[in-house]
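Below is one structure, written out as structure tokens; the observations come after it.
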Amino acid sequence: MTINYQLTNSDFLEYQLYTSSKSKSHKKKRLRSRYIVFILYTLLGLYFAYKNDNNRMGGIMASFGLLWFAFYPMYAKWNYKRHFKKHVEENYKNRINKPVEIDFDENSANAKDFASESKINATELKELIETQNHFFLKLTTDLSLIIPKNSIENKVKFKNRVTELGAEYVDELNWRWK
């Protein structure tokens, strides 16, 4: 089974967003940012309200804290996406719209792009992650091959072939960036 395709900025972006959404450190960072800023604004508001007898300023500061807490998830979603767009444009610019070929034989996958050729033993295939638009073939080294679904003619045959080689299938069809 051979698959030929070209990767676009949106392919790399979706992969970056997916891995970020599954990263424990990114989840912790987003959670900390949401709560720490909220707590700081609230404490500052309490300080102004009780220490300086300035209830108006205290209320304003506490309101900013509540607004931050309520709207931070939308801000973080936008900010991370903007960050990863820039990252992809800067770091993957030489890989955009270049031909990629993956050939699956009896006990390996052979990946070839414009700059390199790799033979990946079946024992190195860790997971086949399926999202709405892509397959991410994760290796034991935590590197991944990005495969757009529109480049695969028979998706069922593809999934069966990769799982036969030893990759665990992960259904993430309902995943979306948030």
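Structure data summary
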| quantity | calculated |
| --- | --- |
| Any hit, the stretch 154-176, residues being assigned to a loop (DSSP other than H, G, I, E, B), among the basic types (Lys, Arg), touching a residue at least 60 places away in the same chain (Cβ under 8 Å) and farther than 16 Å from MET1 by Cβ | no |
| When residues of the stretch 87-120 are limited to those that are touching a strand residue (DSSP E or B) at 6+ places or on another chain (Cβ under 6 Å) and polar (S, T, N, Q), the one surrounded by the fewest Cβ atoms within 10 Å (Cβ to Cβ) | ASN97 |
| Failed item, numbered, when GLN132 is tested on (1) part of a loop (DSSP other than H, G, I, E, B); (2) out of contact with any Ser or Thr (no Cβ under 8 Å at 6 or more places or on another chain); (3) over 26 Å from LYS93 (Cβ atoms); (4) touching a residue at least 40 places away in the same chain (Cβ under 8 Å) | (3) |
| Scan of the stretch 41-86 for residues that are surrounded by 12 or more Cβ atoms within 10 Å (Cβ to Cβ) and among the aromatic types (Phe, Trp, Tyr), ordered by number | TYR41, TYR47, PHE48, PHE64, TRP68, PHE69, TYR72, TYR75, TYR80, PHE84 |
| Test result for SER151, more than 29 Å from SER33 (Cβ to Cβ), in contact with a strand residue (DSSP E or B) (Cβ under 8 Å, 6 or more places away or on another chain), among the polar types (S, T, N, Q) and modelled with pLDDT of 90 or more | yes |
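Residue-by-condition table, conditions (1) surrounded by fewer than 16 Cβ atoms within 10 Å (Cβ to Cβ); (2) more than 15 Å from the chain's Cα centre (by Cα); (3) modelled with pLDDT under 90:
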residue	(1), (2), (3)
ALA122	no, yes, yes
THR140	yes, yes, no
PHE158	no, yes, no
VAL162	no, yes, no
TRP177	yes, no, no
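The values are calculated or read from the model by the stated rules, or taken from the named source; none is laboratory data. Since the model is a prediction, treat every value here as computed from it, not as a measurement. Cβ: placed from backbone, ideal geometry, glycine included. Neighbour counts: every protein chain shown.
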